[in-house]
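The values are calculated or read from the model by the stated rules, or taken from the named source; none is laboratory data. A quick note: this is a predicted structure, and the numbers were derived from the prediction, not measured. Neighbour counts are summed over all protein chains in view; Cβ atoms, including those assigned to glycine, are modelled from backbone coordinates with ideal geometry. Heavy atoms of the whole protein, side chains included, go into the accessibility calculation; ligands, DNA and RNA do not. Shrake-Rupley method; radii C 1.70, N 1.55, O 1.52, S 1.80 Å.
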Amino acid sequence: MSEERLSGPDEGAKKPRRRLLNPWLLAALAGLVLIPAIRPLLRFEPDPPPVLRQLPDWRLVDQNGESFGSDELAGEVYVASFLFTRCATICPRLTASLRQLERRYREEGVEDVRLVSFSVDPEHDTPERLRDYAGSRSLDLEHWSLLTGAEPEVRSIVVDGFALPMGERLDLAGGLVDVAHAARLALVDRDGGVRGYYGSDAVGLDEVFHRTRQILAE
């Protein structure tokens, strides 16, 4: 009888190969986990803007004919703008931009910020005309003040305070009126410090919005 070879049941069978994950796939999976965790550490947050100049004490009149000035704005963060009601060029666009900014503040829960518009044609822009201007454009006068006053007092805060231009009124053909003035927005902190000047285009509005939140958080 021939000798039979005894063997185990798995002898001669191929051993299964251990499958390794692709190293690139492992790296991608690790990235999906780690990147969200470290993203707050990588986000660049600029420092709050410095104080560029300090506004003096000032006093004008608002759209209700009531005295209004730096005392009423003490402790408030506000965005200052400069316009006049007879302006047919940049002022309508500026007012529309300010309405967008005010709406964004409201929709994103940014409170404790005001809008303050100084008329650069104060001899014409009486409180009544400012109130009519606000009503025709549906401005929220709970958070937005329109100011006028004696021409020297307005010029003092605009030119000497904000360091922005304010030209003489020009009577043009066809009954048009023009006053050279800045179309920029000025951001003012709780202590009356000017923290920056910004354009009224989409980029400028976005910057003043984020800078406002920085100053409110100080």
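Summary table
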{"quantity": "Selection count, the stretch 108-131, where residues are farther than 26 Å from ALA163 by Cα and among the hydrophobic types (A, V, I, L, M, F, W, C)", "calculated": "1"}
{"quantity": "Cβ pairs under 9 Å, 6+ apart, first in the stretch 70-85 and open to solvent by 10 Å² or more (accessible area, probe 1.4 Å), second in a strand (DSSP E or B) and modelled with pLDDT under 95", "calculated": "none"}
{"quantity": "Qualifying residue in the stretch 53-64 (condition: modelled with pLDDT of 60 or more, of a type in the set (Val, Ile, Thr) and outside any strand (DSSP E or B))", "calculated": "no"}
{"quantity": "Residue identified as in contact with a strand residue (DSSP E or B) (Cβ under 8 Å, 6 or more places away or on another chain), touching a residue at least 24 places away in the same chain (Cβ under 8 Å) and aliphatic (A, V, I, L, M) among ALA150, ALA134", "calculated": "ALA134"}
